[in-house]
Structure formats: structure tokens, C-alpha cells
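Visitor: Would you mind keeping the following structure in view while I ask a few things?
The values are calculated or read from the model by the stated rules, or taken from the named source; none is laboratory data. Keep in mind the model is a prediction, meaning the values are calculated, not measured. Every residue, glycine as well, gets a Cβ built from its backbone with ideal geometry; the counts of neighbours run over all protein chains shown.
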Amino acid sequence: METKNYTIVFRIIHWAIAICMILMLITIFLRLNWMNKNHMADIIQNYLSSIDQSLTQDQLIALAKQIRKPMWDWHIYIGYVLVGLFSIRALIPFLGEMNFSNPIKKGLSFKEKFQFWVYLIFYGGIAVSLITGLFIEFGTASLKKQMEEIHKLSLYYLVVFISLHIGGILLAELTNQQGIISKIVSGKSKTP
């Protein structure tokens, strides 16, 4: 496998996308777990019961949604940042940097082909997530539900990709590509 040098542009884009993806996962995790509207409604109802007050279930859900709205707004803002980063990432190869690897190029090992396909699928998944997210925000109401269903599926490819990415990095670091982590951080390999 060829030795790659990671330019400052590559590293900035890589880490900016990585940070955004992690923040997106955090907002999704919070929404599905601790800040789940039903869970929050139960907490509110328990408190109200302790002071002899009550709300209907619909009112409790509406209140829970309002409490978590600022957190979910961050999901949307990070999505806008990702649209910008992804657009830059898609345009940079035309400037001679950060080319996309061709998985059907002759002479590649199975590992390289697998790695290149994973990245292409990942970028395709990001594109679908960003397009459906933008459609949810700005599209017609008649297709919003379908776009939300497709958008929710992005959680699965993202978790799989992150697992494969980290696993591949650790495998490379422990086998024949020592220094890959220091290269993506500093641009220079720490190994001799």
C-alpha cells in the first residue's frame, strides 16, 4: 500500500468532519435516550405529582419537546456545517488535493479495495443524510415523513463506518502502518 502524506488541508477537513460526526452522534444519542420526549415527560409528571399538579400527556410531551429543542437545534446547525465541509471535500479533488480513491483500479489488494469501497459508501451515506436533512428543513411537507425515515437510517451507517474506521486504524497501527495516527494529527510520522 502506498504511503500517504496528509496535508494540512486534508487534516483540517478530516478532523472537522470527524468532530461534527461525533457531535451529531451525541445529539442523536441524547434524543434517543436521556432526552427522549417520553422519558422527559415522565420526569416532569413525577415532579408535578409531588406538588399536586398535573398536565395531560400531550402537554407533557409538548413541554419535553420544548426543553430538548435547544439541544436538537445544535444537531441542525452541525448539519449545516457538515453540508459546507462535505461540499469543500467534494470540490478539493478538482484542485489536486484529497483525491477519491478508485476501488476498481487494477493492482489493488483486497484490503485496499475494501477500504476504498467503505469510504465511497461512507461519502454516499453522508450525501444522503445531508440531502434528506436539508429536505426535512426546507422541503415540501408532503415528503417530510419519508425523508425523516431515510434520514434516521443514517445512524446505522455512521456507527458502522466509525467502528470500521477506528478498527482499521488500530489494525494498521499494530501491523504494517505504524505512525498513521501521528501522521493524521501532525502530518508527520513519529516512526523512523
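Visitor: What number of residues in region 1-18 are more than 26 Å from Pro70 (Cα to Cα), assigned to a helix (DSSP H, G or I) and not aliphatic (A, V, I, L, M)? Explain how you work it out, then say what you get.
Guide: In the first step, residues of region 1-18 are kept if they are more than 26 Å from Pro70 (Cα to Cα); the result is 1-14.
Cutting the leftovers down to assigned to a helix (DSSP H, G or I) gives us 8-14.
Filter once more, keeping what is not aliphatic (A, V, I, L, M): 10-11, 14.
Residues that pass the stated criteria total 3.
Visitor: Return the pairs, sorted by first residue and then second, in which the second residue is of a type in the set (S, T, N, Q), the first residue lies in region 83-97 and is part of a helix (DSSP H, G or I), the beta carbons are less than 8 Å apart, and the residues are 6+ apart or on different chains.
Guide: Note: pairs meeting the criteria are Pro93/Asn99.
Visitor: For region 19-38, give me each residue that is assigned to a helix (DSSP H, G or I), over 12 Å from the mean Cα position of the chain (by Cα) and surrounded by 14 or more Cβ atoms within 10 Å (Cβ to Cβ).
Guide: Within region 19-38, Leu30, Arg31, Lys37 meet the criteria.
Visitor: Between residues in region 105-116 that are over 15 Å from Asn176 (Cα atoms) and residues that are assigned to a helix (DSSP H, G or I) and of a type outside the set (D, E, K, R), which pairs lie under 7 Å by C-beta distance while being six or more apart or on different chains?
Guide: The qualifying pairs are Gln115/Gly168.
Visitor: Select, from Thr140, Thr175, the only residue that is exposed (fewer than 13 other Cβ atoms within 10 Å of the Cβ) and either within 16 Å of Gln115 (Cβ to Cβ) or outside the structural domain of Lys111 (by TED's automatic domain parsing) (or both).
Guide: Unique residue meeting the criteria: Thr175.
Visitor: Related question: Would you check which residues across region 90-102 are more than 14 Å from Val9 (Cα to Cα) and either touching a Pro at 6+ places or on another chain (Cβ under 7 Å) or at pLDDT 85 or above (or both) and list them?
Guide: Narrowing region 90-102 to residues more than 14 Å from Val9 (Cα to Cα): 100-102.
Of everything in region 90-102, just one residue is more than 14 Å from Val9 (Cα to Cα) and either touching a Pro at 6+ places or on another chain (Cβ under 7 Å) or at pLDDT 85 or above (or both), namely Phe100.
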